[in-house]
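Values quoted throughout were computed directly from the atomic coordinates according to the rules given, and no laboratory measurement underlies them. Being a predicted model, the structure only gives us computed values, none of them experimental. Note: ideal-geometry Cβ built from the backbone for every residue, glycine included; neighbour counts use all protein chains shown.
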Amino acid sequence: MIETNSRTILSGVQPSGDLHIGNYLGAIKNFVKMQNDFKCFFCVVDLHAITVKQNPELLSRNTLEVVATYIASGINPEKSVIFNQSSVSAHAELSWIFNCVTRMGWLSRMTQFKDKAGKDRENASSGLFIYPNLMAADILLYKATHVPVGNDQKQHLELTRDIAQKFNRDFNCEKFFPIPEPIIEDNTSRIMSLKDGNQKMSKSDLSDNSRISMTDETDSIVKKIKKAKTADVNMPSTMNEILKLSEINNLLNIYSGFSGKEKKILINEYQGKNFSKFKEDLSEILVDVINPISSEIKKLMQDQKFLKRIMLEGTNKANQVAKKTINDVYDIVGLIRNET
Ligand code: TRP
């Protein structure tokens with residue numbers, strides 16, 4: 001039996017295409033460390049992905065690729081529970097209950113919905129609107145106490161906390177759902193586009209040169225870093241000056257994230273110099289870390305049976321916890337679950 005003890009993490013990654021170094025530094029690399037201190041559930045949120053149009057063949061391939069990337073990056077399936085959301089039906093079931101708890105007004109304030117639906121709101125799927133209820137279900141099914149989130153997901157986590165509180169209050173079951181705490185990623189692990197230091201690195205950016213994917217080959221990494229935007233000055237010597245140059249700051253964050261060297265030390269090393277040697281060294285470090293991960297991802301993608309077996313083991317472990325929670329919820333709400 002899996003124990004959900006006092007420190008449980010749940011996090012979700014959407015299977016919507018190539019994972020890049022922003023996903024790695026902002027999320028996956030930290031997940032690897034968290035495995036030692038928390039009971040971890042790492043979920044590939046395929047039901048979230050279909051709130052916008054997906055190509056079915058690519059969706060299943062991308063789901064496997066997220067699992068491969070997790071494992072290749074050092075998430076240990078013996079320690080952590082790795083699974084895809086749609087395999088554990090309690091996610092959809094609990095999200096329906098939450099559709100009936102969450103108020104329309106709460107959802108209408110979600111900035112991600114406004115951004116994603118854009119001007120053509122009439123044409124957005126209703127799934128996109130209730131997306132945060134499904135995310136709350138992901139988290140609360142496992143009674144997660146902590147959720148690692150980037151800035152863009154903070155508001156959804158606040159909503160999750162509101163849902164947990166309202167459910168506990170409405171059904172008179174104080175403390176049934178814990179109120180999960182965010183673990184906010186620090187600014188240096190927020191990786192921006194290589195072309196524009198004010199834009200988040202994103203898999204949906206039209207320019208492939210704006211990001212480095214975890215499956216990029218050496219020559220492509222070197223080329224992208226060479227082309228990355230810098231500034232018309234040499235490397236400044238103070239953090240203050242650097243913070244004003246968003247592209248330089250971003251490259252330093254990447255360098256620091258991948259090398260483990262503090263930014264201050266890097267600034268000392270490169271101050272007053274032009275960016276060619278800096279970029280050469282940065283490429284080398286990226287290649288050193290990414291190459292082994294990338295070849296492992298490719299190897300794992302050749303063995304989909306293995307990946308599916310890992311996911312099945314994860315699903316079974318996740319189900320043990322999720323079934324207990326959803327059965328309790330049905331009882332609390334007064335739904336009869338008549339099954340053998
Ligand atoms: N909404 C998150 C994102 O787009 C993904 C996600 C789904 C998630 N369920 C989650 C993140 C639960 C943390 C916890 O990045």
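Remarks
- Here is the list for the stretch 124-188: trypsin sites (Lys or Arg not before Pro) lying in DSSP coil, each with at most 14 other C-beta atoms within 10 angstrom of its C-beta, are Lys175.
- Spin-label model, Lys166/Asn234: points 7 Å from Cα along the beta carbon direction are separated by 5.9 nm.
- Centre separation in Å (Cα based) which lies between the stretch 275-315 and the stretch 4-60: 15 Å
- 14 Å beta-carbon shell around Arg309, net charge (K/R +1, D/E -1): 0
- DSSP-loop GluC sites (Glu not before Pro) across the stretch 220-308, with at most 12 other Cβ within 10 angstrom: Glu262
- Over the chain: helical MRE at 222 nm, DSSP H runs n ≥ 4 each giving -39500 (n - 2.57), nearest 500: -16500 deg cm²/dmol
- DSSP bridge analysis restricted to the chain gives an antiparallel fraction near 10%, rounded to the nearest 5.
- With both labels modelled 7 Å from their Cα along Cα-to-Cβ, the Lys299 to Cys100 distance reads 5.0 nm.
- Site pair Glu241 and Arg109 shows an inter-label distance of 4.4 nm when each label is modelled 7 Å from Cα along Cα→Cβ.
- Residues of the stretch 120-139 falling in the label zone of Ile179, defined by backbone nitrogen less than 18 Å from a point 7 Å along Cα to beta-carbon, are 136-137, 139.
- Over the chain, relative contact order from alpha-carbon pairs under 8 Å, at least 6 apart, %: 23 percent
- Using the Karplus relation 6.51 cos²θ - 1.76 cosθ + 1.60 with θ = phi - 60°, the per-residue 3J(HN,Hα) values for the stretch 40-49 come to 10, 10, 10, 10, 8, 8, 5, 5, 5, 4 Hz, with x marking Gly and Pro.
- Put simply, the amide H of Cys40, placed in the peptide plane, has neighbours under 5 Å in Ile9, Val81, leaving out anything fewer than 5 places away on its chain.
- Amide H partners (placed H, <5 Å) of Met192, local residues excluded: Met201
- Using alpha-carbon coordinates, inclination of helix 218-227 to the longest axis of the chain, degrees: 70 degrees
- Applying the criteria of a DSSP loop state and at most 13 other Cβ atoms within 10 Å to the trypsin sites (Lys or Arg not before Pro) of the stretch 214-301 yields Lys273.
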